[in-house]
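First up is the structure itself, then whatever we jot down about it.
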Amino acid sequence: MQLADLFESVQKMLDPGILKRKLEFQCVQHDIFHPCLLADQLRLEQIYMNLLSNAIKYTPDGGMVSFELYEKPAEEPGKVQLISVISDTGIGMTEEFMKEMYSEFSRAVDTRVNKVRGSGLGLAIVKKITDLMDGTVEVESKPEHGTRFCVTVSFPWIEKAPEYPEEENMDDSLKQLSILVAEDNDLSYEVEEELLTIRGMECSRADNGQACVEKFRLSAPGTYDAILMDMQMPVMDGPTAARTIRRLDHPQAREIPIIAVTANAYHEDIQKCLKAGMNEHLAKPVDYQKLTDLLKKLCR
């Protein structure tokens, strides 16, 4: 992977959130002597976007968010240390929260923002991926004094990336898609939201089947490009919601892609999805690659 591509990709994904929040954004790379590394760009983007999304979310308007990328020599020959620093002037974190922040169920109520404080799965994902890369995550934070994350991972470097035939960048084709997600479980929705937004898509939530029907019914044509529909929900289940949507007097009612998300992937469950008017199905936990492959196929 080329570090320049990684740097540019992160900037592009952040632009909408930065502009919306009226924040000062500093994005700097320096001391890059080995611009081509053997690394997983998608996973690095996932680390950086989780940390930067939190920085944007918890920094008041007029504040500053920064992303710094540089390298240092590694002890092992043929490798370099890739160091990324994500910092903000936001509301910061308490020592109590920082002790538990990498837990998959880490939440803390913060009256300063009148909402649940924490990233839910976000920081757990950062820690998990960094650990798998044999890297480290260091954090400094104080309430009202912002937060600074430093991620360090060692990668092999090469002189020049191999040249491959140019192919259509399918991930780029997913950017700006708007997905309506019908999911009653908070944790499941947060996972799906991570998978969607990390690649530049937008998502809107309906916490039961009836709410999904109403959101779609009241939406202007073109508001949503696809629907992710959980099968088991209160008030109205997924199949009933899908059948109801297909009968609506809405320009997209019969054509919008509906993808079932089900904990059961038996033949009879799949047939139930298709008979209800859904296009495809995914088993839980959602496989990111399968989800993007389906969206590429259905949202052309």
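Within the range 237-292, take every residue that is among the hydroxyl-bearing types (Ser, Thr, Tyr) and in a helix (DSSP H, G or I) and give me the one that is nearest to Ile179 (Cα to Cα).
Going through the qualifying residues, I end up with Thr292.
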Where a residue in the range 248-267 is touching a residue at least 24 places away in the same chain (Cβ under 8 Å) and its partner, wherever it lies, is among the hydroxyl-bearing types (Ser, Thr, Tyr) and surrounded by 13 or more Cβ atoms within 10 Å (Cβ to Cβ), with Cβ under 9 Å and at least six apart
His250/Ser219; Gln252/Ser219; Gln252/Thr223; Gln252/Tyr224; Ile256/Tyr224; Val261/Ser188
If I filter the range 62-71 down to residues being surrounded by fewer than 17 Cβ atoms within 10 Å (Cβ to Cβ) and modelled with pLDDT under 95, which single residue comes out as nearest to Glu8 (Cα to Cα)?
Met64
Considering Glu96, Glu76, which residue is out of contact with any Gly (no Cβ under 9 Å at 6 or more places or on another chain), acidic (Asp, Glu), modelled with pLDDT under 95 and in a helix (DSSP H, G or I)?
Glu96
The condition from (1) touching a Gly at 6+ places or on another chain (Cβ under 8 Å); (2) of a type outside the set (D, E, K, R); (3) within 18 Å of Ser204 (Cβ to Cβ) that Met231 misses is numbered (3)
Looking at the range 247-256, is at least one residue modelled with pLDDT of 95 or more, in contact with a helix residue (DSSP H, G or I) (Cβ under 6 Å, 6 or more places away or on another chain) and buried (at least 22 other Cβ atoms within 10 Å of the Cβ)?
no
Only residues in the range 84-98 that are surrounded by 18 or more Cβ atoms within 10 Å (Cβ to Cβ) count as the first member; pair them with residues that are at pLDDT 90 or above and aromatic (Phe, Trp, Tyr), Cβ under 8 angstrom, at least 6 apart or cross-chain, and list the lot.
Ser84/Tyr48; Ser84/Phe67; Ile86/Tyr48; Ile86/Phe67; Ile86/Phe149; Ser87/Phe149
Residue count for the range 209-235, restricted to those that are surrounded by 19 or more Cβ atoms within 10 Å (Cβ to Cβ) and part of a loop (DSSP other than H, G, I, E, B)
4
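The values are calculated or read from the model by the stated rules, or taken from the named source; none is laboratory data. The structure presented is a predicted model; accordingly, all values stated were derived computationally and were not measured. Neighbour counts are summed over all protein chains in view; Cβ atoms, including those assigned to glycine, are modelled from backbone coordinates with ideal geometry.
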